[in-house]
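The values are calculated or read from the model by the stated rules, or taken from the named source; none is laboratory data. Computed from a prediction, not measured in an experiment: that's the story for all the values here. In this analysis, Cβ positions are derived from the backbone assuming ideal geometry, glycine residues included, and neighbour counts consider all displayed protein chains.
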Amino acid sequence: MLLNTGSNSLDTSASALRKTSFWFAAIALLCLLCADLDISTVDPWHELSLMAAGALSPSVWSWPTLLSSLANTFSFALQGVAVAAIGGFILALGYGYSVVRGFCAFIRSIHELFWALLFIQITGLSSLTGLLAIAIPYAGTLAKIYGELFEEVDLAPARNSPAAKQPLTHFFYTVLPMAWRPMVTYTSYRFECAIRSSAILGFVGLPTLGFHLETALGEGHYSEAAAYFYALLLLIGTLRFWLQKRLLPIYLLAVFYYLPPHAQISWDLVARFITEDIVPAPLRGEALFTASTFSEFANWFSLLWQQQIWPGLINTMVLGQISLVFTGLLALLLFPLNSPLFFRRWGRTAGDGLLILLRTLPEYLLAFLGLLILGPSMLPAILALGIHNAAIIAHLVGRYSEELSLRGDANRGLNLYFYEVLPRIYRQFLAFLFYRWEVILRETAILGILGISTLGFYIDSAFEEFRFDRAFILILASALLNIGVDHFARHIRLRLHLKTTPESL
Amino acid sequence: MEAVTSQPLFDLNNRRLEYQGKTVLDNLSLTIERGERVALVGGSGAGKSTLLKALREQLPNQVAWCPQQPGLVPMLSAFHNIYMGALNRHSFLYNLGNLIKPMPAARDEVSEIARSIDLEMQLFSSVDKLSGGQQQRTSIGRALIQRRAIFIGDEPVANVDEYQAERLLKLICQQHQTVVLAMHDIDQALQFCTRIIGLKDGAIALDAPSDQLSASDLAGLYDAA
């Protein structure tokens with residue numbers, strides 16, 4: 001204390017958070033300098049006005065198509081999450097082992113669209129592909145959440161309880177019952193995400209809402225697109241009214257009856273895909289460990305690195321960083337909408353309604369719309385990622401602000417926001433944002449499929465050219481990037497003492 | 001000097017005051033004149049805080065408020081917590097700039113107050129690093145910087161040592177025309193206030209000028225009902 005004498009510089013708990021935020025923002029600004037943000041369409045307002053007109057006059061061209069794509073979207077999502085919940089649960093039992101944790105991190109670091117692109121090569125555009133594309137990455141995510149919940153509620157080792165001697169009994173009688181409620185809550189939230197994922201799988205050809213949305217949007221049939229769009233909103237928006245626990249077994253039976261996971265698998269093709277197609281070209285059928293094979297492989301790899309991996313990584317990180325900071329700023333701007341400190345009763349209900357609506361829009365679809373309006377650049381991607389993710393974080397931060405109690409003579413308006421509320425919510429806000437970082441980066445990579453030159457762009461091109469070896473390496477690169485960022489985010493969360501228990505993210 | 005016929009500053013007439021939906025004080029009538037220094041005494045749960053809250057709400061824009069739970073922003077410095085009392089006097093942009101980097105003028109103003117409440121050393125540390133007593137002084141600082149005529153405090157010096165408590169009470173009385181304090185230290189109440197109001201069993205059990213009272217007169221307020 002005495003050493004502090006006369007010091008006029010701030011020594012506060014807020015300063016560490018401020019410093020971190022400053023560096024993140026500074027890097028994002030640097031990234032902005034090298035990001036392509038041009039609006040390349042001649043008249044963006046014209047396209048936007050056409051879309052708005054379409055949105056106001058939705059029309060269903062074919063009810064059977066709409067209903068069957070709606071049913072497919074729901075079926076893939078429910079089947080995927082059901083399988084993921086079982087798989088995730090089993091994996092979570094071994095979550096203490098770093099091998100299992102690493103495996104889970106790996107399978108969830110690959111986006112469901114990339115999984116779909118991979119499986120389409122083996123199982124075609126089949127119902128099995130849709131199921132697996134959702135179930136695999138979601139199992140990795142659920143395993144992490146379940147595993148962390150088990151660790152959190154498992155007090156036996158600390159207490160040295162006799163139950164610890166009967167691990168299985170202990171698990172089913174104490175750990176599982178305590179973790180059950182948050183598990184159910186989180187899984188049901190992931191189901192909402194799975195519906196978005198399922199809809200988006202249509203963009204690579206599966207028969208869900210996204211398939212018809214892409215076609216209609218691409219051809220400028222905005223009224224038709226609006227109908228599919230509203231169907232998706234309606235499906236997600238009304239979930240809590242009809243997706244009840246009691247009815248779940250019935251829905252499960254129904255979706256497996258309606259869309260049995262099935263694919264015409266040619267095992268020869270599978271074998272070829274694994275042993276040949278995804279093997280780097282210079283290594284196919286060659287004797288390994290010879291000097292010439294090695295040098296050819298080195299050439300192949302360095303070319304791939306220079307032309308695709310490195311630019312893809314850089315663009316993914318640049319876009320990811322800008323989107324992360326933009327998401328954060330937008331979330332800070334929006335959270336008062338769901339905060340009782342700023343809006344009461346109806347105002348807050350309407351505000352939170354808007355946030356939930358924005359959250360419901362899949363970022364991939366938003367980016368697609370943005371591309372149609374603004375032309376291909378990073379701008380639509382940044383807007384799409386920002387809007388979707390900021391709405392999620394703003395909703396949670398707003399709800400967190402319920403816990404704050406202000407003095408009777410608290411300030412009002414902007415003074416209240418900056419002096420009394422922002423410092424109090426900031427730590428929690430950063431925790432949410434860093435949780436979301438990994439997701440934002442995964443999505444950044446995937447937006448490449450729309451033509452923004454992130455890793456997804458090169459992956460998609462490789463698939464189109466049937467160069468599966470390249471696609472495979474590029475997918476690995478994106479997986480490693482995500483795992484790296486996840487680790488870094490975790491490191492920052494620990495260093496800043498941010499709450500690390502999972503939320504609905 | 002005010003005319004004798006002027007309106008009292010605070011006027012509660014036959015009021016019922018509730019705390020969390022329960023009636024704490026019933027049929028309460030009370031007036032406080034400008035210039036009075038009032039001490040509210042009584043056992044815990046007697047309704048002191050509820051009464052103070054009702055008084056503050058009568059003149060929210062004239063009262064410097066010092067609640068029992070200081071409601072400071074823990075991750076911000078004592079400087080910023082004190083300055084929070086002066087936000088209304090400055091433009092929003094000035095306040096925002098001051099949040100990022102303390103402005104010279106604001107620094108001078110807050111430093112002067114910090115000196116008077118003996119908080120200079122800790123001024124730029126965040127409140128979560130301060131002791132209970134230092135936090136309480138920060139809260140007093142936030143009230144002082146408002147430069148208002150009326151001070152309402154709920155046990156404002158309960159967490160500081162006796163010597164400092166007397167200094168702070170003296171300061172509060174010097175800088176405000178009218179003072180209303182909830183207090184549990186009877187000697188301090190008699191020493192600094194001109195009027196003592198004792199609360200017991202949901203009503204005013206005693207209301208007299210302090211120079212007509214002794215510590216023993218007040219002891220009865222704390223007996224079990």
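Which residues, counting only those in segment B:53-80, are among the small types (Gly, Ala, Ser) and more than 10 Å from chain A (Cβ to nearest Cβ)?
Taking segment B:53-80 as the starting set, the residues that turn out to be among the small types (Gly, Ala, Ser) are B:54, B:64, B:71, B:77-78.
Listed by number, the list holds a single entry, B:ALA54.
Could you check segment B:150-170 and list, in sequence order, the residues that are surrounded by fewer than 17 Cβ atoms within 10 Å (Cβ to Cβ) and hydrophobic (A, V, I, L, M, F, W, C)?
B:ALA158
If you go through segment A:124-143 one residue at a time, do you hit one that is more than 19 Å from A:GLN79 (Cα to Cα), β-branched (Val, Ile, Thr) and not assigned by TED's automatic domain parsing to the domain that holds A:ILE449?
Kept after step one, since they are more than 19 Å from A:GLN79 (Cα to Cα), are these residues of segment A:124-143: none.
No - not one qualifying residue is present in segment A:124-143.
Does at least one position in segment A:281-294 carry a residue that is assigned to a helix (DSSP H, G or I), in contact with a helix residue (DSSP H, G or I) (Cβ under 9 Å, 6 or more places away or on another chain) and among the acidic types (Asp, Glu)?
no
Please report, ordered by residue number, the helices (runs of 4 or more DSSP H) entirely within segment B:22-133 with at least 3 residues that are closer than 21 Å to A:LEU10 by Cβ. Even if it seems obvious, please write down each step before you answer.
Details: elements: B:48-58, B:78-83, B:92-100, B:104-116.
In segment B:22-133, B:78-83, B:92-100, B:104-116 are the helices (runs of 4 or more DSSP H) which contain 3 or more residues that are closer than 21 Å to A:LEU10 by Cβ.
If a residue must be under 24 Å from A:GLY448 (Cα atoms) and in contact with a Ser or Thr (Cβ under 7 Å, 6 or more places away or on another chain), how many such residues does segment A:319-343 contain?
3
Could you run through segment A:408-418 and say how many residues are among the aliphatic types (A, V, I, L, M) and in a helix (DSSP H, G or I)? Write out each step before concluding.
Step one: of segment A:408-418, the residues among the aliphatic types (A, V, I, L, M) are A:410, A:414, A:416.
Filter once more, keeping what is in a helix (DSSP H, G or I): A:414, A:416.
Final tally of qualifying residues: 2.
Going by what's in this entry, would A:LEU441 be described as over 18 Å from the mean Cα position of the chain (by Cα) and within 19 Å of A:LYS144 (Cα to Cα)?
Values: over 18 Å from the mean Cα position of the chain (by Cα): no; within 19 Å of A:LYS144 (Cα to Cα): yes.
The answer is no for A:LEU441.
Where in segment A:239-280 are the helices (runs of 4 or more DSSP H), entirely inside, with at least 2 residues that are over 21 Å from A:SER75 (Cα atoms) and not assigned by TED's automatic domain parsing to the domain that holds A:ILE122?
On the way: elements: A:239-242, A:248-258, A:267-272.
Ranges flagged: A:267-272.
Evaluate the following for B:THR50: is it away from chain A (no Cβ under 14 Å) and out of contact with any Asp or Glu (no Cβ under 7 Å at 6 or more places or on another chain)?
Numbers: away from chain A (no Cβ under 14 Å): no; out of contact with any Asp or Glu (no Cβ under 7 Å at 6 or more places or on another chain): yes.
No: the conditions fail for B:THR50.
Hey, among A:TRP300, A:TRP305, which residue is buried (at least 16 other Cβ atoms within 10 Å of the Cβ), among the aromatic types (Phe, Trp, Tyr) and part of a helix (DSSP H, G or I)?
Numbers: A:TRP305 fails: buried (at least 16 other Cβ atoms within 10 Å of the Cβ).
Of A:TRP300, A:TRP305, the one residue that is buried (at least 16 other Cβ atoms within 10 Å of the Cβ), among the aromatic types (Phe, Trp, Tyr) and part of a helix (DSSP H, G or I) is A:TRP300.
Given the condition within 14 Å of chain B (Cβ to nearest Cβ), surrounded by fewer than 21 Cβ atoms within 10 Å (Cβ to Cβ) and of a type in the set (Lys, Arg), answer yes or no: does some residue in segment A:394-411 qualify?
Yes.
Out of A:TRP115, A:TRP61, A:TRP45, I need the residue that is aromatic (Phe, Trp, Tyr) and either in contact with an Asp or Glu (Cβ under 6 Å, 6 or more places away or on another chain) or closer than 23 Å to A:LEU239 by Cβ (or both). Which one?
Working: A:TRP115 fails: either in contact with an Asp or Glu (Cβ under 6 Å, 6 or more places away or on another chain) or closer than 23 Å to A:LEU239 by Cβ (or both); A:TRP45 fails: either in contact with an Asp or Glu (Cβ under 6 Å, 6 or more places away or on another chain) or closer than 23 Å to A:LEU239 by Cβ (or both).
Going through A:TRP115, A:TRP61, A:TRP45 in turn, the sole match is A:TRP61.
Every residue, every condition in (1) of a type in the set (Lys, Arg); (2) closer than 22 Å to A:TYR222 by Cβ; (3) in a helix (DSSP H, G or I); (4) over 22 Å from the mean Cα position of the chain (by Cα), yes or no:
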position: A:THR327; (1), (2), (3), (4): no, no, yes, no
position: A:LEU330; (1), (2), (3), (4): no, no, yes, no
position: A:LEU337; (1), (2), (3), (4): no, no, yes, yes
position: A:PHE343; (1), (2), (3), (4): no, no, no, yes
position: A:ALA350; (1), (2), (3), (4): no, no, yes, yes
position: A:LEU355; (1), (2), (3), (4): no, no, yes, no
position: A:PHE368; (1), (2), (3), (4): no, yes, yes, no
position: A:ILE373; (1), (2), (3), (4): no, yes, yes, yes
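Using the structure shown, decide if A:VAL421 is buried (at least 21 other Cβ atoms within 10 Å of the Cβ), within 14 Å of chain B (Cβ to nearest Cβ), of a type in the set (Val, Ile, Thr) and part of a helix (DSSP H, G or I).
On the way: buried (at least 21 other Cβ atoms within 10 Å of the Cβ): yes; within 14 Å of chain B (Cβ to nearest Cβ): yes; of a type in the set (Val, Ile, Thr): yes; part of a helix (DSSP H, G or I): yes.
In short, yes.
Whether any residue in segment B:98-117 is in contact (Cβ under 8 Å) with a residue 60 or more places away in the chain and surrounded by fewer than 21 Cβ atoms within 10 Å (Cβ to Cβ) is what I want to check.
As a first pass, look at segment B:98-117 and keep what is in contact (Cβ under 8 Å) with a residue 60 or more places away in the chain: none.
No, every residue in segment B:98-117 fails to be in contact (Cβ under 8 Å) with a residue 60 or more places away in the chain and surrounded by fewer than 21 Cβ atoms within 10 Å (Cβ to Cβ).
Name the residues in segment B:160-207 that are at pLDDT below 90 and among the small types (Gly, Ala, Ser), would you?
Passing the criteria: B:GLY202, B:ALA203, B:ALA205.
Report every pair of residues separated by at least 6 positions or lying on different chains whose Cβ atoms are under 7 Å apart, first residue within segment B:202-222 and in a strand (DSSP E or B), second among the basic types (Lys, Arg).
Between residues of segment B:202-222 that are in a strand (DSSP E or B) and residues that are among the basic types (Lys, Arg), the close pairs are B:PRO209/B:ARG195.
Identify all residues within segment A:324-353 that are of a type in the set (Phe, Trp, Tyr) and within 16 Å of A:ILE393 (Cα to Cα); write none if there are none. Working first, answer last.
To start, the set of residues in segment A:324-353 that are of a type in the set (Phe, Trp, Tyr) comprises A:326, A:335, A:342-343, A:346.
Correct list: A:PHE326, A:PHE335.
Condition check: crowded, with 20+ Cβ neighbours inside 10 Å and not aromatic (Phe, Trp, Tyr). Does B:LEU93 satisfy that? Break it down into steps so the answer makes sense when it comes.
Details: crowded, with 20+ Cβ neighbours inside 10 Å: no; not aromatic (Phe, Trp, Tyr): yes.
Spelling it out, it is not the case that B:LEU93 is crowded, with 20+ Cβ neighbours inside 10 Å and not aromatic (Phe, Trp, Tyr).
Tell me yes or no: at least one residue of segment B:14-30 is of a type in the set (Gly, Ala, Ser), touching a Lys or Arg at 6+ places or on another chain (Cβ under 9 Å) and at positive phi. Talk me through it step by step, then tell me what you get.
Just the residues of segment B:14-30 that are of a type in the set (Gly, Ala, Ser), to begin with: B:21, B:29.
Imposing the further condition that a residue be touching a Lys or Arg at 6+ places or on another chain (Cβ under 9 Å) reduces the set to B:29.
Adding the requirement that they be at positive phi leaves none.
Scanning segment B:14-30 turns up no residue that is of a type in the set (Gly, Ala, Ser), touching a Lys or Arg at 6+ places or on another chain (Cβ under 9 Å) and at positive phi.
With the condition being touching a helix residue (DSSP H, G or I) at 6+ places or on another chain (Cβ under 7 Å) and buried (at least 19 other Cβ atoms within 10 Å of the Cβ), I'd like the helices (runs of 4 or more DSSP H) fully within segment A:30-109 carrying at least 3 qualifying residues. Can you show your working first?
Details: elements: A:44-56, A:63-93, A:98-109.
Per the criteria, A:63-93, A:98-109.
May I ask you to list the residues in segment B:81-104 that are of a type in the set (Ser, Thr, Tyr), more than 9 Å from chain A (Cβ to nearest Cβ) and in contact with a helix residue (DSSP H, G or I) (Cβ under 9 Å, 6 or more places away or on another chain)? Before the answer, list the steps.
So in segment B:81-104, the residues of a type in the set (Ser, Thr, Tyr) come out as B:83, B:91, B:94.
With more than 9 Å from chain A (Cβ to nearest Cβ) added as a condition, the list becomes B:91, B:94.
Matches in segment B:81-104: B:TYR94 only.
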